[in-house]
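The values are calculated or read from the model by the stated rules, or taken from the named source; none is laboratory data. Quantities reported herein were computed from a predicted structural model and do not represent experimental measurements. Note that each Cβ is placed from the backbone with ideal geometry, even for glycine, and that neighbours are counted across all protein chains shown. With ligands, DNA and RNA removed, areas are computed over all heavy atoms of the protein, side chains included. Shrake-Rupley method; radii C 1.70, N 1.55, O 1.52, S 1.80 Å.
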Amino acid sequence: QPQPLRDTTIEFHNVSFSYDSETVLDRVSCQIPPGSMTALVGPSGSGKTTITNLIARFWDVNSGTVTLGGVDVRQIPTNILLSQMTMVFQDVYLFNDTIFENIRFGNPNATEAQVMAAAQAAQCHEFITRLPEGYQTLVGEGGATLSGGEKQRISIARAILKDAPIILLDEATASIDPENERLIQQAIQALSAQKTLIVIAHRLTTIAAADQILVLDQGRVVEQGRHPVLIEQGGLYARLWDVKARSHGWKIAA
């Protein structure tokens with residue numbers, strides 16, 4: 001008999017995970033409260049993506065536990081687990097179907113009005129209505145007819161329609177022009193209102209606004225807290241921030 005979930009608190013208790021023989025996470029413990037925003041930051045290969053993959057149970061831990069609402073994710077039926085979360089990653093997969101059906105995939109029972117409302121919230125309604133066939137435009141296999149930024153916004157519209165309480169977001173906006181990036185940020189704000197948001201964060205503004213920042217290095221959480229506290233500690237986070245801020249040409253006031 002599956003246990004009911006208490007809430008959407010996510011906890012890692014002493015989690016270790018290896019990929020082949022390489023340790024990717026090493027005894028990680030953290031708590032992600034419902035309705036909060038957690039930013040995952042750290043050098044490339046520090047384990048950020050692995051954390052999101054373990055929450056969604058794409059992989060299982062080697063030791064320790066990941067719990068959702070107090071229940072080990074391995075004890076939660078897959079359909080129930082996945083109904084609790086939406087993933088917005090950089091590699092968006094669109095089906096060889098209309099834009100309308102690609103958005104409605106988030107909730108196959110949605111009405112036309114709901115699909116359009118989601119598209120508006122995700123900042124895609126305008127570019128869709130400019131297409132000759134509008135919402136009935138066929139998307140090529142894998143979304144070939146759309147730009148990267150447009151595809152990402154369609155995936156966010158899909159996520160808004162799904163309306164799951166937990167959002168796993170990889171904010172990799174490296175390949176996206178400033179205008180698209182601005183629209184994607186607005187779309188993400190619409191998606192994440194009142195939700196638990198776990199972001200592999202690349203943008204300085206997202207990181208600074210997070211309720212908690214988990215700083216990963218070589219598979220371990222080396223620092224955690226809010227931005228001002230971590231800056232004051234003068235550790236890895238402060239160094240990463242300094243490098244990022246300088247590369248953006250920012251000046252940080254004393």
Would you please put 53-60, 86-93 in order of how densely packed they are, using the mean number of other Cβ atoms within 10 angstrom per residue and starting with the highest?
-> 86-93, 53-60
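Report relative contact order for the chain in percent, whole number only (criteria: Cα-Cα under 8 Å, sequence separation at least 6). Intermediate results must be reported in sequence, preceding the final value.
Values: 458 pairs, mean separation 63.9, N = 254.
Relative contact order comes out at 25 percent.
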Accessible area of region 31-146 belonging to carbon and sulfur atoms, whole % at 1.4 Å probe = 51
Per residue, how much accessible area does region 19-159 have with a 1.4 Å probe, in Å²?
-> 46
How long is the gain from Gln75 to Arg220 if the chain were fully straight, where each residue apart is worth 0.36 nm and the alpha carbon distance is subtracted?
-> 49.7 nm
May I ask for the net charge around Gln185, where only other residues with Cβ less than 12 Å from the Cβ of Gln185 are counted and Lys, Arg are +1 while Asp, Glu are -1?
-> 0
Beta bridge orientation in region 153-227: antiparallel %, DSSP, nearest 5 = 50
So what's the gap between the Cα centers of region 34-108 and region 177-227, to the nearest angstrom?
-> 15
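Antiparallel versus total DSSP beta bridges in the chain: what percent is that, nearest 5?
Values: 20 of 37 bridges.
So the antiparallel bridges amount to about 55 percent of the total.
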